[in-house]
Amino acid sequence: MALCCGTGFNPILESNSARNLSTRLIGSVPLRFTGQSSYMVRRRRHKGICCSSLKKAASASSSESQEESALSVCLEEEEELDHVIRFKMSDFKMLDRVSIGLGGRADEVVFEAKVKDSGSPLYNTRVVLRQLSSAQAQRRGKRAIEVLKKLVRRKLLYHSYSMHVHGYISLPANGGSNSFILVHGYHGSFSLRHWLQQSDWLPTLEATLALDEESVRKVGEDTTGGPAVSRQLRLIRILMRDLLIGVNYLHSHGLAHTELRLENVHISPVDRHIKVGILGNAADFYEDGSNNDSMDNMDRRQMMIAFDMRCVGFIMAKMVMRELMDPSIFAKFKLFLTKGYDPSCLRELMLEILGRSSPNGNAGLQILDRNWGAGWHLLSLLLANKPSQRISCLHALRHPFLCGPRWRVAPSMDIIRWGLGSTAMRISEEYIYRQPQRSRLAHFIDLMEMLNPHPKPKNWLELLPGKWRLLYCTGRHVGLTLRQPPARVLIGDVHLTVTRESKMKANLSFVSDVSFSVMIGQDWPHDKAGKAGRLQANSSFMLRAGRRLYLKQDQTTEKKFFFGPFGSEEALAQKFTGKKWRKITPFKEFPSSLPAAKLTSSDIDVTMNLDDPLNRDIDMARNVLQELRTQIPPEIFDLSKVVCGTYVDSRMLVLRGVNGSALLFTRSFVDKNKSS
């Protein structure tokens, strides 16, 4: 596909009004240039002329010192560009179209051509001529040629994952400054951004990559075809693995790309590999060129790698969630990270943005939720706030999200914890709280508590403050279906906001916030619109170190009063002594107690607000309050019943009540009251 408009071609365009629009060429214009040799022998002859000129200039008077300096610069540039071909304009046959995926910057003009010199090794090859007008653009072009010296040592990887830089054309311009034209390879009409913007991008890209059993086997897949979500996941694995291999190729040669964007990534239909651009802004890890392990060089290397990995994270996010191609949605996504929020909580943000009105049927959310939420885990590591916490290319290639079912990947403890929390979150969102689902949820919460990564009080004081949304409570569940309450109340979101009162003390302020609506009339099963209300309870807590005891109970008593693994120590002990969990548990035998954060509360203040006209009816307000206490967990209404915390990380929180029930929370950054 090409976007065409009529214009003439002049290889030495001085006007800055030329832009990188796809162009249709109407007629040829006579070209005037000073002839230079295209190949190595002529280039050496030119180099010898420069050397003789320098000798004459050295013997001349001091008034010719400026000319000597200019000639020395000429010689240095020739030596820097000595490893590529210097072309002439007569070596090319200009094409009448320019592909839309080759658009560059404002100081670049792009043309497509074919090499017509039969003596050239590139004869009849389609290439791209990128005319660089400004000094900065010319610096990028020469930098791309300079980088080639480092990468060409491993030609196979260079030709597979980088745009091929063939050479350059250097012509004098009318204004006194040289015009530099970079000659590089042509790798298809579309950049990755243009591929994703196509309505039929999935089947078209599958056909371009010619996916077969052999190609999908390289990413651990065992089948081809299938549902659209499975096909998209398979394609994302192929593209992401290829992109990571290409970026790792640069990093292993001491280079950072620094410009990884969808616009700079191309997919070649010839070798079916991703090309990571022409590397005009590639930066060296070490400023002085040395490979020493000084602290400054290591910090610079880490920062550059981390910057590239963050860019890879943005590319992955846009490939999976194509809604992020919309600038307004991507601005919210990026603002979330700019404010310093933890990327592990991106699901909560994207669920609010995309969960209700997604034109693509939430395929991206389904892909990231698969395999115990492995996609969200990889995305959080690529976009981590601290550069030291971002994942490297090699570790990302071994991540479960990018490995198909044929590859057996040994997950780390961090991924296991993530999977437990993600699965519990997904089960709670199904809202099918029959006994099997309740038993599974309670069991997953118990497993999370066993693997709590932050048992010390200082960890709790760092991670606990924030806004949390209630997902599930293992206690009693009472709904509206089988009852005739005096006031029909529909519970909305339940949030718990924790703030630290002083950095020097372990005092915390808890505020529980329940949004609800009161449905009036007999048609409430079909019409859930009602009068809005809000219940708030706040209290102060003192956090100390404590332990949660696992009490052994009599077999007959347990069968009578408990259900399956809910509250059963034997079920947990049997689980952790199995082969699957024995290698990862931090203890050899099932413990009688685990460390926990003990919470001691003070006075409680409860307030409730109702919209008109319910706020004028005291009896109705009393009935609404009674119904709220019936439906919500008692620990949310009476915060003093929260006695300890048993699990916390950047994303999930588990609190235990005085009756032993567990409250499962996820960190939230969305305030629906302000957004509505």
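The values are calculated or read from the model by the stated rules, or taken from the named source; none is laboratory data. No experiment lies behind these values; they were computed from the predicted model shown. Note that each Cβ is placed from the backbone with ideal geometry, even for glycine, and that neighbours are counted across all protein chains shown. Only protein heavy atoms, including side chains, enter the accessible area calculation; ligands, DNA and RNA are left aside. Shrake-Rupley method; radii C 1.70, N 1.55, O 1.52, S 1.80 Å.
Can you give the Rg to Rh ratio of region 602-676, both from alpha-carbon atoms, with Rh computed by the Kirkwood formula?
Here the Rg-to-Rh quotient is 1.05.
Are any of the pairs Lys142/Lys386; Lys332/Lys467; Lys332/Lys505 more than 27 Å apart by Cα-Cα distance, and if so, which? Provide the component values of the computation, followed by the final result.
Numbers: Lys142/Lys386 33 Å; Lys332/Lys467 19 Å; Lys332/Lys505 35 Å.
Flagged as over cut-off: Lys142/Lys386; Lys332/Lys505.
From the cross-link list Lys116/Lys149; Lys150/Lys318; Lys218/Lys275; Lys88/Lys116; Lys456/Lys598; Lys116/Lys275, which pairs have alpha carbons spaced over 20 Å apart?
Those over the limit are Lys116/Lys149; Lys150/Lys318; Lys116/Lys275.
Once ligands and nucleic acids are excluded and a 1.4 Å probe is used, how much of Thr600 is accessible, expressed in Å² to the nearest 10?
60 Å²
Taking every pair of Cα atoms in region 98-228, average 1/r, invert it to obtain the Kirkwood radius, and report Rg/Rh to two decimals.
Details: Rg = 18.5 Å, Rh = 17.5 Å.
When Rh is taken as the Kirkwood radius, the ratio is 1.06.
Considering the Cα positions of region 433-484, please state its Rg to one decimal place and its Dmax as a whole number of Å.
When restricted to the Cα atoms of region 433-484, Rg and Dmax are 15.4, 47 Å.
For region 230-346, just the Cα set please: Rg and Dmax, both in angstrom.
According to the Cα coordinates of region 230-346, Rg and Dmax are 15.9, 48 Å.
Which peptide among 144-151, 385-392 comes first, and what is the full order, when sorted by highest mean count of other Cβ atoms within 10 Å?
144-151, 385-392
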